[in-house]
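Where a number appears in this text, it was derived from the coordinates with a stated rule and is not lab data. Just so we're clear, the structure is a prediction, and the values are computed from it rather than from any experiment. Neighbour counts are summed over all protein chains in view; Cβ atoms, including those assigned to glycine, are modelled from backbone coordinates with ideal geometry.
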Amino acid sequence: MFRLNRFALSALTASFLILSASNSALAQPTPARVKNIVLVHGAFADGSSWSKVVPLLQDEGLQVIAVQNPLTSLKDDVAATKRAIAMLDGPVLLVGHSWAGVVFTEAGNDPKVVGLMYVSGLAPNDGQSLSDVPQTTPPPPGNAQYKLDDSGFQTLTLKGLIEDFAQDVPASEAKVMFATQGPWAKRAVTDKVTKAAWKAKPSWVIIDTEDRMIKPDMERAAAIKMKATTIEIKASHVPMVSQPRKVADFIIKAARSLSTQPSKR
């Protein structure tokens with residue numbers, strides 16, 4: 001009868017264990033990188049404020065949707081953002097500018113959202129509105145350029161748009177931004193977030209050192225509170241317009257750092 005000696009048996013057993021481990025590893029689902037980006041605009045703007053960033057993200061193979069917020073209330077803007085999230089298949093990185101930080105602090109609780117990026121924005125806590133975020137210094141210069149109409153909607157004056165909102169953008173382009181700005185309901189600033197998504201999900205922050213609409217120190221305080229990954233850009237309140245490459249690169253880096261296990265169906 002054929003017999004294996006002790007050494008041959010040991011070698012055979014080791015080979016079997018290695019093969020079993022390899023097969024087990026192959027059977028494990030491979031983490032998938034996040035491919036979906038939802039861009040959310042802020043007050044005094046519309047989805048076109050992301051027009052320079054979108055193609056840079058698409059060139060990297062990312063699926064991108066720019067939300068068109070009605071700017072009528074926090075509830076309405078959250079609903080618009082969640083509709084955009086629902087259109088995409090798979091996990092989503094939410095990226096929002098200014099007021100949009102409040103919007104997706106709420107909308108980011110959607111289970112498909114795996115990360116949040118605040119661009120020139122603030123992040124209220126549970127039960128806070130934008131107006132509840134503490135301000136320890138006088139308001140920034142741009143706040144004096146709000147113009148309220150009879151229906152309760154605010155717009156920025158041309159002076160405010162050119163000198164405070166987008167002072168590092170060519171004047172001809174800033175005038176187009178003025179003409180296409182989205183009026184923002186004044187009542188929205190008192191609408192309260194129910195549950196702050198940044199408490200449970202990773203966050204990134206872009207701070208604009210030349211921001212004249214939200215003071216950079218307030219943006220820094222928000223980043224510290226969220227323990228966010230942060231960069232500072234020497235830019236106005238609209239870096240996605242004046243420095244889209246830097247903004248896009250940060251979004252791409254954040255998306256690549258996020259991975260999720262494929263869903264089991």
Exercise. Stretch Glu60-Ala221 to full length: gain in nm at 0.36 nm per residue minus the Cα-Cα span?
Worked result: 54.8 nm
For this session: Tell me the label-point distance for the pair Lys159, Ala79, using the 7 Å Cα-to-Cβ offset, in nm and rounded to one decimal.
Result: 3.8 nm
Exercise. Between Ser151 and Val176, what is the spin-label point distance in nm, taking each point 7 Å from the Cα along the Cα→C-beta axis?
Worked result: 2.6 nm
For this session: Report the FRET efficiency, 1/(1 + (r/R0)^6), for Lys192 and Asp168, where r is their Cβ-Cβ distance and R0 is 30 Å, rounded to 0.05.
Result: 0.35
Exercise. How about the range 86-169: which trypsin sites (Lys or Arg not before Pro) there lie in a loop by DSSP and see at most 12 other Cβ atoms within 10 Å?
Worked result: none
For this session: Express in whole angstrom the spacing between the alpha-carbon centres of the range 197-259 and the range 151-166.
Result: 22 Å
For this session: Give me Rg over Rh for the range 32-259, both radii from the alpha carbons and Rh done the Kirkwood way, two decimal places.
Result: 0.93
Problem set entry | Cβ-placed point charges (K, R +1; D, E -1), dipole of the range 127-234 about Cα centre in debye, nearest 20 | 520 debye
For this session: Can you check what the net charge comes to around Val92, using other residues whose Cβ is under 12 Å from the Cβ of Val92 (Lys, Arg +1; Asp, Glu -1)?
Result: +2
Exercise. Between Arg256 and Ser131, what is the spin-label point distance in nm, taking each point 7 Å from the Cα along the Cα→C-beta axis?
Worked result: 4.4 nm
For this session: Return the percentage of antiparallel bridges among DSSP beta bridges fully within the range 32-259, rounded to the nearest 5 %.
Result: 20 percent
Seminar exercise, completed: Rg/Rh of the range 25-163 (Cα atoms, Kirkwood Rh), to two decimals, equals 1.04
For this session: Excluding residues on the same chain fewer than 8 positions from Lys201, give the aspartates and glutamates whose Cα lies under 13 Å from its Cα.
Result: Glu106, Asp110
